[in-house]
Every structure is written in C-alpha cells, then in structure tokens.
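Engineer: For reference, the structure I am asking about is given below.
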Amino acid sequence: MKYMKERYPQAMFLRQDGEGGGIYHPSVLRTLEQITEVATSILKDADSGLIVFSGCGTSGRLAFMTARTFNKKLESVGKHGCFKYLIAGKDKALFTSQEAPEDDPICGKEMLQEICMNQRKVLFIGITCGLSAPYVAGQLDYCLKNLDVFTPVLLGFNPTNMARNNKIEKWNKTFSDVVSELQKAVSDGKAFILNPVVGPEPITGSSRMKSGSATKILLETIFVGAYTSSQNLTKSKWNPQNHLDIYRAICERVYSVDFSKKISHLIKLGAECLQKNGSIYYLGLDSIGIVGMIDASECPPTYSATLDDVRGFIEGGYTCFGNKEGDLKHLGKHFHISLEDFKTDIAPHLGEKDLVIILSTEGNLSQASFVQSLSCHKAVLAFKDCDIPQEKFDVVIRAQIDNDINLGSVVKDVVDGFRNMYCEMFTKWVCNAVTTGAHVMKGKVYQNSMVDLKVSNNKLYYRSVGIIQKFSNESRDESERYLLKSIYNTDNLSESHCSKTVADHIDVATPLERVVPRAMLAAILKCPISEAEKRLIQEPVIRTVISQTLNSVK
Ligand code: F6P
C-alpha cells in the first residue's frame, strides 16, 4: 500500500528525510535558495548574462516552457529576455520525440557553446530526470571546464550514486564520472546539484510524470523567487517552501474526490476512443495549450502510440508558441499546430470515436462555441467561472485557482502575477492522467512497465533489455540476444549482427514496431521470433498477449 501511495503525484510533497530527501527537505530548500541568489544577480542586470535550461525529451520541452514564461515576464516590464533553452534534436523535438540526439554529448556541448558565445556569466541548468542523458553530460562537462563563466546546476531525481554509469559512445566519460566532477565543484560552491527524491514513477521510466512535474515546480520556484527579488517586489526574503505549498494545494485539489471522478470519466472516454482507433485532441490557449501539446508528444515514445493518437493544437499556432526556429509546418502534418489547422485538417473528419478536450486559460473560452458543434466526444478544462453549457459537453472540469486553491497568504501578492503557471500545473496533472490512464486501459502497459516502448536510444535500448530480462527470467546477455533477434527479425544472429555497435542496433530498431513485445514473447516461450510475431498478430492487445503467454508457461 505504501508502495502504491508513493506512486501518486502527491507523494512528491512528502517530507522525506535522509540523504537527498524530498522537495521539502532542508538541504533541498537550501539549494533552491542558493540557486535563486545566483539567478537574481543575473536578472538584476539582464543584459549581463544568460540563464540556460537544457534537456532531452520532456526535460527539454519543460526547458522551453520555462524560458518562454520568464522571458515574457521580463519583456512585460520592458526588460531583455535573458532565458534560453536547448533541447536535443532542436525544435523538432518540441513536438515529436527525437531520441538519437540525446546520446550525443558533443552535440550538447556545441549547442551550448553556440548560444553562450561571448557571455560573461551563465547560469546553466541541465535537466535529466534519471541523471542519465549524454547530451546534458556533455554540457555539464563543458561548464565544469569553464567555471569562470558558468555556474552549472544538475537537476534530476535520482540519488547521485545512481547516476548512469554506462559507457557513452564516442566519449571518454560516463554520466556518473561527470557527476563526480560536479560534486567537487559543488563543495567549492561553484555548482549545484538539485536532486530531491520524488518517489517512483507510476509507470516505470515514464519520467514525464512525477519527475516532469517536479522539474516544472522546482524551476518555477527558483525563478519566481529570482524575478520577484530582482524587481524588489517583496521586502521579505524569498521562501521557497511557501511557493512549493501552492503546488501541493493544487495537487491535492486535482486529486480531490470531486475532481478525481471527473478525471476518471475523461480517462474512460479517452480509452474508449483509443480502443476504437480514434484520437484525443487538445485545443488550447497560450501556455495551457502548450501543456497539452507536450503531453501529446510523449505518447509515441512511451506507448508506441501513433502520432495521430493524441495531438495538441494551440490558438495562434507558431506565433503564439514562440519557439526559436519558428514555423515548422513544412516538416509535415504533425507539425501543423494551430487551431486553424485543426479546423481544416481534423474537424471535418471527427466522429464518435474521437475526443476533443478544450484546455482554457483563466481569461478565455473562445473555442467553446466552435467545439460544441462538433460531432464527437467533448470535454472542457476551464479556469474561470464562465458559462459553459454543461449539456453540450461529456465532461466539464472547472477550477478556480483563487477559490478552489488557496494560493497561501504569505506569497499571494507576489504570485498573483504568475497565476497562469499554476493553471498549467493543474492542466499537466489532468492531461498526464488522461493519456496515461487511457493507454493503460488500451492495454499498452503490463503491470507497471511500458512494455511497448520504442528502442530509439541507448537508455531505451538497455531499458528494453531489462524489461525482457524481468519477465523472461533469462540472463541479461540472453535477454539482449532476444532483443537483437527481434530487431533483425532472425533466430540466428550472425557475426556481423553481433559486431555492430549499440548505436547501429538503435538505427535499425527505431522505425520498427513492437520490437520489445516480440522479444519478450520469444524469450518467455523460448520460441522463434516468427512464432512470437504470430501471437502478436492474433492478439494485438499487448497486456493480454503477455499475460496469456506468462500464464501458459507457469
Ligand atoms: O529517451 C527518451 C526519454 O525517456 C523521454 O521520454 C524523456 O522525456 C527523456 O528521455 C528525458 O529523460 P531524462 O530527463 O532522464 O534525461
């Protein structure tokens, strides 16, 4: 029971003691304060330096969102936006997963060098939930070699002794080596490691969930503090704990009985649509819309969903989105992101097997009348007490950040200017619940493992080996052989297969379907790959075929 409870988002707010500790642990609060001080000194003179967030996948997308939020804030008071983001795979990766570049420390370093050219002072925050991404390792390593300019921060959610120690191809260090060097700089007061314990993810490896939420919460806590201090908006010293309390209150509200019932209804609707090969569409405004788009972008790598299963659209398209490379429509239909695109490309084809969810900001519900007329399932998540014709929607979730969620008297005046950010957090928890729940109900998860993941980078390659081993009881080497057999669609691995690098295997595996389930079934049954494939064709629901197979060998 305790184990289950630790998986809920609320668990991240537990006051865990011991080394590392939870987000309220005194050592974590102290680190938050120290990073806030460095950030404040840069923001006081925003032309004097840069604040750079960087990461892979969801961590990079949250880097983008945070930079966007605080640049807008600075620009709103006539200041220069000094926040920058980096994401492995560049802007394309904001919308679709681009996992191979995550393995490249040199590319990470070069991208950082390029945006920091001629800077005198840079606060660099490298986000990697598992303390694992080579792309971020290359950047931290570069910062450590240039401590006169950079203050490096490692943000993640593993204890340092669990940092990844696997060889990084074409590099001479592991992530763990970089962490050891970073620890020396931390003891000299020249770097920081922010790695609270947030507990296990509900789906193992799905760091978009608790770790992603904690990333957003911690970054916002630091930069709301730095912004308010640099603008002299508060006389008292910034207290990160008060700010964390706001998110705790929001989390409790999302998971309160009345909201949980509505969210469960939404999950069931989403699952029904996915089961019928329909889709879930988020239509959003401003940053709330971006939260939906990020949630959608994570479904293909996590659940082997198609790019059409869950999609997000935003009013104003790329102009509102505000990414560095601008309009990416030329890359194909999955880079069509505006509401106008939705109206022309999607709306005419909607039916009973589709679900459209409006994600609204506090001030606007403009899509409601258009969505009402669509012939599909409809839901709305709104943050103001506006008139929503309940009868036209399957689910209406209405939260008022002031009334429903107590912002906390101590910081209320200060944080009033950031209310949209709290709505984003509420939205993230709802969207994550919907897509996770819907894919679980679709049978994409076995126990708590994402068994149908893409083998698209080094981390995912070894995660796949671990999953095969866990369910087949084969040795690690034999499990890896089954994975290779599935990748190369053969029962006889040749010399040339075995002599290839992991990166070569990943190149072949990335576009393939059901690589891990096929390898798992073959490993459990000790059968040819073709036999495993036949079973998957007969029973396409992954969870069902795995449990049937495991039962048959008991
Ligand atoms: O490699 C894919 C992935 O697992 C993404 O799904 C995830 O968002 C990303 O890696 C980031 O992982 P981390 O934050 O641990 O570096």
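The values are calculated or read from the model by the stated rules, or taken from the named source; none is laboratory data. Keep in mind that what you see is a predicted model, and the values were worked out from it rather than measured. Note: ideal-geometry Cβ built from the backbone for every residue, glycine included; neighbour counts use all protein chains shown.
Engineer: V178: more than 12 Å from the ligand (Cβ to nearest atom) and under 21 Å from the mean Cα position of the chain (by Cα), yes or no?
Structural biologist: no
Here's the yes/no breakdown for (1) within 11 Å of the ligand (Cβ to nearest atom); (2) surrounded by 22 or more Cβ atoms within 10 Å (Cβ to Cβ); (3) without any contact (Cβ under 8 Å) to a residue 40 or more places away in the chain:
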residue: L112; (1), (2), (3): no, yes, no
residue: M117; (1), (2), (3): no, no, yes
residue: R120; (1), (2), (3): no, no, no
residue: F124; (1), (2), (3): no, yes, no
residue: I127; (1), (2), (3): yes, yes, no
residue: A133; (1), (2), (3): yes, yes, no
residue: Q139; (1), (2), (3): no, yes, no
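Engineer: Shifting gears a bit: Residues that are part of a loop (DSSP other than H, G, I, E, B) and farther than 30 Å from I267 by Cα: does the range 462-473 have at least one?
Structural biologist: Scanning the range 462-473, I find at least one residue that is part of a loop (DSSP other than H, G, I, E, B) and farther than 30 Å from I267 by Cα, so the answer is yes.
Engineer: Next up: Residues in the range 213-224: is at least one in contact with a strand residue (DSSP E or B) (Cβ under 6 Å, 6 or more places away or on another chain), in the same structural domain as D345 (by TED's automatic domain parsing), under 17 Å from T427 (Cβ atoms) and in contact (Cβ under 8 Å) with a residue 40 or more places away in the chain?
Structural biologist: no
Engineer: Inside the range 250-289, can you point out the residues that are closer than 22 Å to I314 by Cβ and polar (S, T, N, Q)?
Structural biologist: S279, S287
Engineer: Please find, among A509, A523, A532, the residue that is under 26 Å from T302 (Cβ atoms), surrounded by 14 or more Cβ atoms within 10 Å (Cβ to Cβ) and in contact with a Leu (Cβ under 6 Å, 6 or more places away or on another chain).
Structural biologist: A532
Engineer: In the range 92-103, what residues are in contact (Cβ under 8 Å) with a residue 60 or more places away in the chain and surrounded by 20 or more Cβ atoms within 10 Å (Cβ to Cβ)?
Structural biologist: Selection gives L94, F95, S97, E99, E102, D103.
Engineer: Could you please tell me which pairs satisfy a Cβ distance under 8 Å, a separation of 6+ or placement on different chains, a first residue in the range 159-179 that is farther than 23 Å from L194 by Cα and aromatic (F, W, Y), and a second residue that is surrounded by fewer than 16 Cβ atoms within 10 Å (Cβ to Cβ) and at pLDDT 95 or above?
Structural biologist: Matching pairs, first to second residue: W171/I106.
Engineer: Taking the criterion of being closer than 20 Å to A100 by Cα and under 28 Å from the mean Cα position of the chain (by Cα), would at least one residue in the range 517-533 satisfy it?
Structural biologist: No; the residues of the range 517-533 include none that is closer than 20 Å to A100 by Cα and under 28 Å from the mean Cα position of the chain (by Cα).
Engineer: Examine the range 499-507 for a residue that is outside any loop (DSSP other than H, G, I, E, B), of a type in the set (S, T, N, Q) and not assigned by TED's automatic domain parsing to the domain that holds E169, and state whether such a residue exists.
Structural biologist: Yes, there is a match, as at least one residue in the range 499-507 is outside any loop (DSSP other than H, G, I, E, B), of a type in the set (S, T, N, Q) and not assigned by TED's automatic domain parsing to the domain that holds E169.
Engineer: What number of residues in the range 204-245 are within 16 Å of the ligand (Cβ to nearest atom), in a loop (DSSP other than H, G, I, E, B), surrounded by 22 or more Cβ atoms within 10 Å (Cβ to Cβ) and not hydroxyl-bearing (S, T, Y)?
Structural biologist: Going through the range 204-245 one residue at a time, the tally reaches 2.
Engineer: May I ask you to verify whether D507 is touching a helix residue (DSSP H, G or I) at 6+ places or on another chain (Cβ under 9 Å), closer than 26 Å to E169 by Cβ and among the acidic types (D, E)?
Structural biologist: Yes; evaluated as a whole, the condition is true for this residue.
Engineer: Does K324 count as surrounded by fewer than 20 Cβ atoms within 10 Å (Cβ to Cβ) and either small (G, A, S) or in contact (Cβ under 8 Å) with a residue 60 or more places away in the chain (or both)?
Structural biologist: yes
Engineer: S76 is checked against (1) at pLDDT below 95; (2) more than 25 Å from A509 (Cβ to Cβ); (3) crowded, with 22+ Cβ neighbours inside 10 Å; (4) not hydrophobic (A, V, I, L, M, F, W, C) and fails just one. What number does that condition carry?
Structural biologist: (3)
Engineer: Q10 versus (1) under 23 Å from the mean Cα position of the chain (by Cα); (2) of a type in the set (S, T, N, Q); (3) at pLDDT 95 or above: which is the lone unmet condition?
Structural biologist: It is condition (3) that Q10 fails.
Engineer: Only one of I267, I294, I280, I288 is assigned by TED's automatic domain parsing to the domain that holds L359, within 21 Å of the chain's Cα centre (by Cα) and within 16 Å of the ligand (Cβ to nearest atom); which?
Structural biologist: I294
Engineer: Could you please find all residues in the range 91-124 being touching a Pro at 6+ places or on another chain (Cβ under 8 Å) and either in a helix (DSSP H, G or I) or at pLDDT 95 or above (or both)?
Structural biologist: Passing the criteria: A93, E102, D103, D104, P105, C107, G108, F124.
Engineer: Quick check on my filter: what residues within the range 55-86 are more than 19 Å from P152 (Cβ to Cβ), part of a helix (DSSP H, G or I) and within 14 Å of the ligand (Cβ to nearest atom)?
Structural biologist: T58, R61, F64, M65
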